[in-house]
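Structure record follows, encoded as structure tokens.
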Amino acid sequence: MTRLIVGRLAEALAALLLMSLVIFLLSRVTGDPVALLLGDSATVEDRDRLIEQLALDRSLWDQYLTFLGNALTGDFGQSVAAGRRDALDLVLERLPASMSLAAVALCFTLVTGIAMGVLAAITRGSAVDIVVRIVALMGQSVPAFWLGIVLIYVVSVNWGLLPTSGYGTWQHYVLPALTIGTFTLAAVTRLVRASMLDALGSEYVKLARIKGLSEATVILKHALSNSLIPVVTFMGAFFATMITGAVVVETVFAWPGIGRLAYESIVSRDFPVIQTVVLVITALFILANFCVDMLYLAIDPRMRDRG
Amino acid sequence: MSLLSIRNLTVRLGRAAHAPAILEDVSLDVQPGETVGLVGESGSGKSTLGMSVLRLTPPLLAEGTSGEILWNGQDVLKMRGKALRQLRGGEMSMILQDPMASLNPVFSVGSQLGEALKRAGRADLQAAAEAALAEVNIPSPAERLRSFPHQLSGGMRQRVVSAIGLAQEPKLIICDEPTTALDATIQFQFLELLRALQKAHGMAMLFVTHDFGVVARICDRVAVMYAGRIVETGPVREIFRNPRHPYTRALLAAVPSTREAPDRLPVIDGAPPSVGNRPEGCAFHPRCPLATDRCRTQPRMEPQAPGHDAACWHAKEVAAA
Amino acid sequence: MIQKVTFYAALGLLAMFVLVALLGPYLIEHDPLRGSLRARLEPPLWAGGTMEYPLGTDRLGRDMVARMVTGARISLTVCVVVIAIAGSIGTAIGTLSGYVGGWLDRVLMRLVDLALSLPVILLALLIGAVSGPSFGNIVLVISLVLWSQYARMSRGETLRVKNEDYVDLARTSGLGHAAIIFRHILPNIAPSLIVVATLQVGVVIVLEASLSFLGVGVPPPNPSWGSMVADGRSYVVTAWWVSLFPGIAILLVVMAVNIVGDTLTDRINPALRGRTA
């Protein structure tokens, strides 16, 4: 088990290194890194300082080591657009808004998705099941950016129920969380429905019934516990969808998170900030995947005895 | 009064009257303490019969179930909620076919056994659980309680399943081919164990199997099933000496003289008809050497000897042969 | 019964989408790229518009019908190119990995895991930021996201097929590795790969639209459904049609693809039902 954890940790580090290499190469190999990292308004002194700082006059390998070294000390360069501010600071101050939105969306998604999946499975073939399946199908097909706009138009503009955009009260969370979670909600629902159906037809559920356990215990303990394993294995993918969604959804709802920061930086061609956002998100992403693996170990006893 | 009395049980694939039937007009009694073998090829409906008694059939079959299953005079098919749960585990229990699949992979042995013991109202769960495992000959029970199913061998798992089945001291235990998935040597051990447990607890047992050899070892009475019907029933010795249905005779001829159990029943020509494809009348007639035109109508169960019934127009000829 | 009807309805919708995309230039009267400034933000026919612009016009007076049709063409092109690239690379890697096995398999599968664990969509933003929006970028980025799924599927399927009797027979009869892979393995794993490809059509359409929405996809003024939604965002209250129609188009096409994909999954590889998140 220790070997398993160490192995996963090594994989996580490798992934992070790979991503840093990709980012590094993108900035060095395509076009002029100085222009990319400094913007148009740079002076000759700025240029010289940057070349010195990033070892741009030396070999690519030296440059990469310098890049890594800087990154390890938290130096990702300065923003081109936002008045030469430290790129990492800019990203870190936007992080809480994104994390809280993702957390709300993930909770909403998991709770609702699992409930809907279980409901559909135990009422298989009924009207409830059909409605759940249609909703899930639509949820998997609707593009998030468009759903967000439609929700703003209908719920906020026409009905005046919730704020159109921005950040602050709980009302601000409702529409963005719904938008960001819709695809994942649909995926969780389908996954839970399918694995619940498998579990409900299994021999161990029969045995639980043979013992005379109540239907609630049979479904919620014996069947659901097994149906959640695939959900956990897909959590990493769900998190990825949420991050991808964050860029789009934060832009639509003017949510002051790192997704919107990434979008703004693209518009203003602020490369240092974009590369920092990407690296930070990659790190988060890898951390999340690692947590998922550990969670998997915790809930599935069969995994614990491997490696 | 019989402990269990199945009356005219028919199980169709759905509610429609013309839906194909897996079981047709099956009647069978089990007395307290008795072991009844239910023998047939796969697809004969024997497992469905076992499942129906505990109301464990999937929804489609449950909808298509008619007849009566009387437990101490009460119809199991009419039971709801709490009464049904009281029946399961407490009164009747079951050992399933596949020990690999019948334990929940995410809970420990102790937790799964504990659930059953708790329902039986045991005070000291730990001690009771250890005793239950010891009774099915599991070494170092305290340790095994902490194990998860994947850490146990097949034979061990089947013992755990048996311990769970017996935990609430049922009056009847249904065994659905409990040895099929086990190695030959372990099969014998397990059968001996079952017989010992049955004696110790004074339970009745309904033993579903395709293997007449197993029936000979542990059953008092036997019912032979073919294509969803019971075609012959009687005391084991009587049936072995004096089979009256050509199908029973063919099955017995297939039992090898060695004690090794065959996996299938190979010697009868042809294959049993699939559900929904059953011939008119006696379903066995296309494979039967004695078949005549008369066999196109369904024969009824007729007494052949005391306690020995068979459904065959040519029962006398079988006896003479 | 209901399932059959929805399946054929979805199939019909997809056929229409493909047909519109293919015949695009012959179907439209107006130039999708150039509008008439006198006809800016004309409403659709039933909301007070004219026959001239049945679905209205956008803020530059460009015909919505022409842009939608051209958008379909762009969507389909991206789908075909991406699936061809990601599919062939992924399949090649997966089949090789499964067929050869050993350390190569371990290395390649680690690579697949790695590819799955990177937020590649953000790479798209990065690439877009470095070199600006272009058709090539979109194809590159989306292929980068999607190849790993083919690799996984084809590896698993190759492992399954590899030990079948007919492959053994081919091997013992002295057939070369390439011949075994192309003649015996690929044809047998193709159905599963087709299921993956079908389900990915929806993913590609949504990804392309999202990237275009963010301005790093199809370069303007080309009408991608995604960038059209973005264009209309600021006018949602006054000119809802600009954002609404392309969004509905995406929803319908993706839903149809998912229905067809699910049905194919059920037929070809039921073990995967609901497992393709």
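The values are calculated or read from the model by the stated rules, or taken from the named source; none is laboratory data. Only a predicted model underlies this, so the values are computations on that prediction, with no experimental measurement involved. Every residue, glycine among them, receives a Cβ derived from its backbone with ideal geometry; neighbour counts consider all protein chains shown. Heavy atoms of the whole protein, side chains included, go into the accessibility calculation; ligands, DNA and RNA do not. Shrake-Rupley method; radii C 1.70, N 1.55, O 1.52, S 1.80 Å.
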* Structure fact -> Note on segment A:208-218: residues in contact with a Leu (Cβ under 8 Å, 6 or more places away or on another chain), open to solvent by less than 20 Å² (accessible area, probe 1.4 Å) and part of a helix (DSSP H, G or I) are A:ILE210
* Single condition B:ALA184 does not satisfy, out of (1) open to solvent by less than 40 Å² (accessible area, probe 1.4 Å); (2) out of contact with any strand residue (DSSP E or B) (no Cβ under 8 Å at 6 or more places or on another chain); (3) touching a residue at least 60 places away in the same chain (Cβ under 8 Å) -> (1)
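Tell me the helices (runs of 4 or more DSSP H) entirely within segment C:155-243 that contain at least 1 residues that are at the interface with another protein chain (Cβ under 10 Å from one of its Cβ atoms). Walk me through it before giving the result.
Values: elements: C:165-172, C:186-213, C:225-232.
So the answer is C:186-213, C:225-232.
Would segment C:125-134 turn up any residue that is more than 12 Å from chain A (Cβ to nearest Cβ) and either modelled with pLDDT of 90 or more or over 24 Å from C:LEU252 (Cβ atoms) (or both)?
Residues of segment C:125-134 that are more than 12 Å from chain A (Cβ to nearest Cβ), as a first pass: C:134.
Restricting the remaining residues to those that are either modelled with pLDDT of 90 or more or over 24 Å from C:LEU252 (Cβ atoms) (or both) gives C:134.
Looking through segment C:125-134, at least one residue is more than 12 Å from chain A (Cβ to nearest Cβ) and either modelled with pLDDT of 90 or more or over 24 Å from C:LEU252 (Cβ atoms) (or both).
Among the residues in segment A:92-104, are any more than 30 Å from A:GLN171 (Cβ to Cβ), in the same structural domain as A:PHE238 (by TED's automatic domain parsing) and basic (Lys, Arg)? Write out each step before concluding.
First pass over segment A:92-104, keeping only residues more than 30 Å from A:GLN171 (Cβ to Cβ): none.
Scanning segment A:92-104 turns up no residue that is more than 30 Å from A:GLN171 (Cβ to Cβ), in the same structural domain as A:PHE238 (by TED's automatic domain parsing) and basic (Lys, Arg).
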* Asked: Hey, does segment A:268-275 have a residue that's of a type in the set (Ser, Thr, Tyr) and either more than 28 Å from C:VAL236 (Cβ to Cβ) or open to solvent by less than 10 Å² (accessible area, probe 1.4 Å) (or both)?
  -> no
* To do: Only residues that are open to solvent by less than 20 Å² (accessible area, probe 1.4 Å) and within 14 Å of chain C (Cβ to nearest Cβ): list them for segment A:194-207, please.
  => A:ALA194, A:SER195, A:MET196, A:ALA199
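Name the residues in segment A:280-301 that are in contact with a Phe, Trp or Tyr (Cβ under 7 Å, 6 or more places away or on another chain) and more than 14 Å from chain B (Cβ to nearest Cβ), would you? Give the steps one after another, and end with the answer.
Pass one, segment A:280-301, residues in contact with a Phe, Trp or Tyr (Cβ under 7 Å, 6 or more places away or on another chain): A:285, A:288, A:301.
Listed by number, the residues that qualify are A:PHE285, A:ALA288.
Residues are listed down the side, and each one gets a yes or a no for (1) in contact with a Pro (Cβ under 7 Å, 6 or more places away or on another chain); (2) on the phi < 0 side of the Ramachandran plot; (3) surrounded by 15 or more Cβ atoms within 10 Å (Cβ to Cβ):
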{"site": "B:LEU4", "(1), (2), (3)": "no, yes, yes"}
{"site": "B:ARG15", "(1), (2), (3)": "no, yes, no"}
{"site": "B:VAL26", "(1), (2), (3)": "no, yes, yes"}
{"site": "B:GLY33", "(1), (2), (3)": "no, no, yes"}
{"site": "B:GLY43", "(1), (2), (3)": "yes, no, yes"}
{"site": "B:THR48", "(1), (2), (3)": "no, yes, yes"}
{"site": "B:LEU54", "(1), (2), (3)": "no, yes, yes"}
{"site": "B:PRO59", "(1), (2), (3)": "no, yes, no"}
{"site": "B:ASP75", "(1), (2), (3)": "no, yes, no"}
* To do: Can you tell me which residue among A:LEU224, A:LEU185, A:LEU191, A:LEU228 is out of contact with any Gly (no Cβ under 8 Å at 6 or more places or on another chain), aliphatic (A, V, I, L, M) and open to solvent by less than 40 Å² (accessible area, probe 1.4 Å)?
  => A:LEU224
* **Count of segment B:77-107 residues which are in contact with a Ser or Thr (Cβ under 9 Å, 6 or more places away or on another chain) and open to solvent by 30 Å² or more (accessible area, probe 1.4 Å)** => 8
* **Whichever residue in segment B:108-132 is among the hydrophobic types (A, V, I, L, M, F, W, C) and open to solvent by less than 40 Å² (accessible area, probe 1.4 Å) and, among such residues, is nearest to the other protein chains (Cβ to nearest Cβ)** => B:ALA116
* Structure fact -> Taking first residues from segment B:61-82 that are touching a residue at least 60 places away in the same chain (Cβ under 8 Å) and closer than 11 Å to B:THR10 by Cα and second residues anywhere that are part of a strand (DSSP E or B) and open to solvent by 40 Å² or more (accessible area, probe 1.4 Å), the pairs with Cβ under 8 Å that are 6 or more apart or on different chains are B:GLY67/B:ARG7; B:GLY67/B:ASN8; B:GLY67/B:ASP25; B:GLU68/B:ARG7; B:GLU68/B:ASN8; B:ILE69/B:ARG7
* Scan of segment A:8-17 for residues that are within 13 Å of A:ASN289 (Cα to Cα) and either open to solvent by 70 Å² or more (accessible area, probe 1.4 Å) or in contact (Cβ under 8 Å) with a residue 24 or more places away in the chain (or both), ordered by number -> A:ARG8, A:LEU9, A:ALA12, A:LEU13, A:ALA15, A:LEU16
* Kindly check whether there is at least one residue in segment C:88-99 that is open to solvent by less than 30 Å² (accessible area, probe 1.4 Å), away from every other protein chain (no Cβ under 14 Å) and of a type in the set (A, V, I, L, M). => no
* Members of segment A:18-34 that are free of Cβ contacts under 8 Å to residues at least 24 places away in the same chain and either surrounded by fewer than 14 Cβ atoms within 10 Å (Cβ to Cβ) or under 18 Å from A:LEU72 (Cα atoms) (or both) -> A:LEU18, A:VAL22, A:LEU25, A:VAL29, A:THR30, A:GLY31, A:ASP32
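Regarding A:VAL174, is this residue more than 8 Å from every other protein chain (Cβ to nearest Cβ), farther than 29 Å from B:CYS175 by Cβ, free of Cβ contacts under 8 Å to residues at least 40 places away in the same chain and open to solvent by 40 Å² or more (accessible area, probe 1.4 Å)? Even if it seems obvious, please write down each step before you answer.
On the way: more than 8 Å from every other protein chain (Cβ to nearest Cβ): yes; farther than 29 Å from B:CYS175 by Cβ: yes; free of Cβ contacts under 8 Å to residues at least 40 places away in the same chain: yes; open to solvent by 40 Å² or more (accessible area, probe 1.4 Å): yes.
Here the answer is yes, as A:VAL174 does meet what is asked.
Given the options A:LEU162, A:LEU106, name the one that is open to solvent by less than 50 Å² (accessible area, probe 1.4 Å), away from chain C (no Cβ under 11 Å), more than 27 Å from A:GLU215 (Cβ to Cβ) and without any contact (Cβ under 8 Å) to a residue 60 or more places away in the chain.
Values: A:LEU106 fails: without any contact (Cβ under 8 Å) to a residue 60 or more places away in the chain.
It is A:LEU162.
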* When you scan segment B:226-251, how many residues do you find that are surrounded by fewer than 24 Cβ atoms within 10 Å (Cβ to Cβ) and part of a loop (DSSP other than H, G, I, E, B)? -> 1
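Residues that are closer than 19 Å to A:ASP89 by Cα and β-branched (Val, Ile, Thr), at least 3 per element: which helices (runs of 4 or more DSSP H) completely within segment A:239-307 meet that? If you could, list the steps in order and put the result at the bottom.
On the way: elements: A:258-267, A:271-299, A:301-304.
Those helices (runs of 4 or more DSSP H) span A:271-299.
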* Considering (1) closer than 13 Å to A:VAL80 by Cα; (2) of a type in the set (Lys, Arg); (3) more than 7 Å from every other protein chain (Cβ to nearest Cβ), say which one A:ARG269 fails and leave the rest. => (3)
* Taking segment C:100-144 as the region of interest, how many residues are crowded, with 24+ Cβ neighbours inside 10 Å and among the small types (Gly, Ala, Ser)? -> 3
* To do: Select from segment B:215-225 the residues that are out of contact with any strand residue (DSSP E or B) (no Cβ under 6 Å at 6 or more places or on another chain) and open to solvent by less than 10 Å² (accessible area, probe 1.4 Å) and list them in ascending order.
  => B:MET225
